[in-house]
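In what follows, a single structure is set out as structure tokens and then discussed.
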Amino acid sequence: MVYTLSGVRFPTVPSVYKSNGFSSNGDRRNANVSVFLKKHSLSRKILAEKSSYDSESRPSTVAASGKVLVPGTQSDSTSSSTDHFEFIETAPENSPASTDVDSSTMEHASQIKTENDDVEPSSDLTGSVEELDFASSLQLQEGGKLEESKTLNTSEETITDESDRIRERGIPPPGLGQKIYEIDPLLTNYRQHLDYRYSQYKKMREAIDKYEGGLEAFSRGYEQMGFTRSATGITYREWAPGAQSAALIGDFNNWDANADIMTRNEFGVWEIFLPNNVDGSPAIPHGSRVKIRMDTPSGVKDSIPAWINYSLQLPDEIPYNGIYYDPPEEERYIFQHPRPKKPKSLRIYESHIGMSSPEPKINSYVNFRDEVLPRIKKLGYNAVQIMAIQEHSYYASFGYHVTNFFAPSSRFGTPDDLKSLIDKAHELGIVVLMDIVHSHASNNTLDGLNMFDGTDSCYFHSGARGYHWMWDSRLFNYGNWEVLRYLLSNARWWLDEFKFDGFRFDGVTSMMYTHHGLSVGFTGNYKEYFGLTTDVDAVVYLMLVNDLIHGLFPDAITIGEDVSGMPTFCIPVQDGGVGFDYRLHMAIADKWIELLKKRDEDWRVGDIVHTLTNRRWLEKCVSYAESHDQALVGDKTIAFWLMDKDMYDFMALDRPSTPLIDRGIALHKMIRLVTMGLGGEGYLNFMGNEFGHPEWIDFPRVEQHLSDGTVIPGNQFSYDKCRRRFDLFMTSEHQFISRKDERDRMIVFERGNLVFVFNFHWTNSYSDYRIGCLKPGKYKVVLDSDDPLFGGFGRIDHNAEYFTFDGWYDDRPRSIMVYAPSRTAVVYALVDEEKEEEEDEQVVVVEEPDEE
């Protein structure tokens, strides 16, 4: 639903706050100060008891100048209700390749503690969809039985008190960082670089532990900076060392730059305290537009607060406005469902909220929650990865040019709408991953961080090093203390406040190298990873953020988008690694695009197998045949590469298909199955590609009626009967490739109790084809890409039984004889005969009565 106030488009439930104008008794309230006008009835009831904004002593703050903020005294211009600080000089860090911290003059700091009251759960939210796809039918257990998603069952610990429990957790201290040399002895040749890297990480951990009370306290920067509310009023703090003067402006003070002048300490932190109105209401009403006006070396500028948690673009305006988001307690969404268990193998449905509707519009969090999440569940995925959550003023950037790092995108709804989406996913047993962008920031100066304080060095490297020429964006200075506070707090914010279950870190290759991976072809030579072009500061940040995430949220998942193949990337930090759980296996999608430009008669099955299995020892990968990249960046989806324009006219069931369509449907299924089977420990699919969406990003799921009258047909194929038939075979440690036959174009491999048989030949089908296997017994077909259900020709008999016979073949002790049709993939599962007999005994035969 869309609510309006004087032309303001705000897709959310509005606030209860009302305003009566300025009063003579000192109230600061102003008429029309909020984009929320009045209460409206809710489609669901969201209740919460009163919570406290009071916090105990705050941790120290270290400004970019290298001076430390510690408890002490402060200017009289600040209200007595705020905390007081004094500053101690420390040595600044300017080295581009290190993270040295001079700890000789730093002092201990106290930790922040806040109280979170118990709250009432919200009502249940429901939705349903019916379709299934071929890729999701790959998800069966080794015996072919469905595994239900499970959620944590904790009787004593609830999701509502999770934040309190997290505060009590201690992040383990750094280890020795030497195990990487046992895992990969080749790394000993680069021990000097790797030991230096680990020493820098340890120095930073020690400094944070000593002067900030640890990573746990350091990562709660949002409780110090930006807007923080106490029982007596609102404190606003902003780090802007380049500014010469600053004032807080907004609807609440009629945008009067002389009304609320901020005070600056010698370290660049600006501050103001706004006491409550005489009736106890906050000085800034919920929904008010706010900005900070600064006199800077580049002139006077109005900026959205860097720590703002909501921003909004008004009609007929280009720059966004910061919104003071502090809804009444009865309108706050309260989580009620525990986080699901961490999946043993990830099946990720990569999604974009705005593009998830079949209609030509920007979709909402609420619609995604009610309409798309149930579909994802039925498709068999156990994780949803959501793009474009962090606010980005340019919609076509697909969320990668972030302007407001702590604010969920307002295009899709409110922060509370997003929370309800995540809670619903948890109810369905789906973990929610966020596509987080810490590799760069929007180049915008009006509503982003660029030139925030009038200089190009606030948050970013100055000069050319701080600019990504290909992305036209700014690059963070990961060696800066306040940047570390900002980014580490940002990761904590999304996990703690919104209950995300992990992240896919975007653009990690760009972060780890000063050349950002541009015009560089990584060959795998270790010299490419450990040298002067490595940005040690950035790698140390990645180690810190993984330390933070896994220390406070042990079941959280981190996936790094790295195309370079950086060694140690997915090794735990304590062992000397970077600390990610998974690497995104980007080379697989590139290989498929390379092959799709050729005839499949020219494909080399050995080349395919090598690409799918080429990953570092003990480092898990998420594989995919295609992700959003192939749909978003001017590329073509696999379906379009295979079938081109024929898919628009010859995929209907009421007319004959063409050889191009038959070939395309067959290879589309085989490509996804072999990728899932051999490519890694996790699998990812971008929304819509599971059924072979034709092209680009605004694909239909159902029939779309565009504004120009054009009707785009939806997907007519149903995969409902095979839903969830493939499950956690990717977790099996047993994997063996027994055949890569270039002449026959055959690939045969085992995974657990499953035997995969791929015939990539374009015409040849093979009868009585012998394939090797490990385990003796009876095998049956559990998945067949040639099934008519998937648009195939039905050449495989699903009732047939295949018995092994002894004798070595293809380096396997046993073998079976199968039929392998052309361009077909078949999965055979070992039958548990005891279980099969038990099931047969449970069958009740009802005899028909004899006819008289």
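The values are calculated or read from the model by the stated rules, or taken from the named source; none is laboratory data. If you're wondering where the values come from, they're calculated on a predicted model, not measured in any experiment. Every residue, glycine among them, receives a Cβ derived from its backbone with ideal geometry; neighbour counts consider all protein chains shown. All accessible areas refer to the heavy atoms of the entire protein, side chains included, with ligands and DNA or RNA removed. Shrake-Rupley method; radii C 1.70, N 1.55, O 1.52, S 1.80 Å.
Quick look at the values:
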| item | result |
| --- | --- |
| Within the range 253-402: Cβ-based charge dipole about Cα centre, in debye rounded to nearest 20 (Lys, Arg +1; Asp, Glu -1) | 1240 debye |
| Rounded accessible area of residue 597 (nearest 10 Å², 1.4 Å probe) | 140 Å² |
| Filter on 342/778; 636/780; 342/424; 203/344; 361/419; 361/669 - keep pairs with C-alpha separation over 26 Å | 342/778; 636/780; 203/344; 361/669 |
| Cut-off 15 Å, label 7 Å out along Cα→Cβ of residue 362, residues of the range 404-447 by amide N | 404, 407-415, 418 |
| Carbon/sulfur fraction of accessible area - the range 452-559, other protein chains in place, 1.4 Å, % | 55 percent |
| Accessible surface, per residue, of the range 225-351 when the full set of protein chains is kept, probe 1.4 Å, Å² | 32 Å² |
| Average accessible surface area per residue within the range 575-644, 1.4 Å rolling probe, Å² | 35 Å² |
| Antiparallel %, DSSP beta bridges [both residues in the range 317-465], to 5 | 20 percent |
| Solvent-accessible surface (1.4 angstrom probe) belonging to residue 497, in square angstrom, nearest 10 | 70 Å² |
| With every protein chain in place, the range 779-826: carbon and sulfur % of accessible area (1.4 Å) | 48 percent |
| Dipole magnitude (debye, nearest 20) for the range 547-628, charges at Cβ of Lys, Arg, Asp, Glu | 220 debye |
| Of all accessible heavy-atom area on the range 165-314, the percent that carbon and sulfur account for (1.4 Å) | 49 percent |
